[in-house]
Amino acid sequence: MNITLTNIGKSYNYDWIFRKVNYTFTNADNYVILGSNGSGKSTLLQVIAGNLIPSEGEIKYLVQSSSGHNEQTPAIENEEIYKHLSFASPYLELFEEFTLLESIEFQAQFKPFFDGLDTKKIIELTQLEKAQNKQLKYYSSGMKQRVRLALAVLSDTPLLLLDEPSSNLDKKAIEWYQNLIASYSKNRLIIVCSNQQEYEYPFCNKELHIEEFK
């Protein structure tokens, strides 16, 4: 997938969070959006995800043709982009009345997982087998973040968006996250919001500094 931002801006109550963002994300690279706390990193990621409408500018999404050539399909309509992306962030609400097993089966109804991943295999990959029948409301914050990351990373989407993915994760879980990304990052565009290079985006080779667009 390629994403082109043209003069993108977002304002709240007449205050501009960022303006005139002109940038292209391509499938050949992985990207991190950098900036101080409150600078607009997460807001830009939400705009890219289609969860927020930009105050100005235009976003175009193109998915590479399945023929294997460098051809591209017609642009995806902005209101349809949610079908082509998966998203994880510490503020993303989970259905806490669901168990892990139910959460996986529920998501599978709307967004497919990668080939070869059935419910049992996904639970194994989360390393939460002992808690698979426990409601998520009884999970720790770190366990919930594992669920968010697994549901996003393991979904078969060309676009993966991650906002502060190591939040609430201990050292062992951070290693788990990095291994999961390494295994399921091929042929997809990944965009991360972070200030934690060692933990969250060692695989990213391109940087967008949001504070350059004030």
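Brief remarks follow.
- Each of SER185 and GLU129 was given a label point 7 Å from its Cα along the Cα-to-Cβ line. The distance between the two points is 2.7 nm.
- Net +/- balance of residues flanking ILE191 in space, Cβ distance below 13 Å, scoring K and R +1, D and E -1: -2
- If both residues of a DSSP beta bridge must be in region 2-213, then about 50% of such bridges are antiparallel.
- Residue-count net charge about GLU124 - beta-carbon cut-off 13 Å; Lys, Arg +1, Asp, Glu -1: +2
- Residues whose amide H comes within less than 5 Å of that of PHE113, counting only those at least five positions distant or on another chain, are ASP156 (H built at 1.01 Å from N in the peptide plane).
- Legend: P(r) of region 95-214 from all alpha carbon pair distances, 5 Å bins from 0, whole percents, reading 2, 10, 22, 22, 20, 13, 6, 3, 1, 0.
- Nonlocal amide H pairs with LYS20, under 5 Å, H built at 1.01 Å: ILE8, GLY9
- Taking the DSSP beta bridges with both ends in region 88-214, the antiparallel portion is around 25 percent.
- Cut-off of 10 Å, at most 15 other beta carbons, DSSP loop: longest stretch of the chain lacking such GluC sites (Glu not before Pro): 98-214
- Summarising the label geometry, the points placed 7 Å from Cα in the beta-carbon direction at TYR14 and LYS60 lie 3.5 nm from one another.
- Rounded Å value of the spacing that divides the Cα centres of region 169-191 and region 80-150: 15 Å
- Checking the cross-link pairs LYS20/LYS60; LYS111/LYS186; LYS41/LYS172; LYS121/LYS144; LYS144/LYS172 against a 20 Å limit on the alpha carbon distance flags LYS41/LYS172 as lying beyond it.
- Computed over the Cα atoms of the chain, the ratio of the radius of gyration to the Kirkwood radius (Rg/Rh) comes to 0.96.
- Here the convex hull built on the C-alpha positions of region 1-126 has a volume of 156 cubic angstrom per residue.
Every read-out reported here was derived from the displayed coordinates using simple, explicitly stated rules and does not represent laboratory data. Worth saying up front: this structure is predicted, and the values here are computed from it rather than measured. Please note: Cβ atoms are built from the backbone with ideal geometry, for glycine as well, and neighbour counts cover all protein chains shown.
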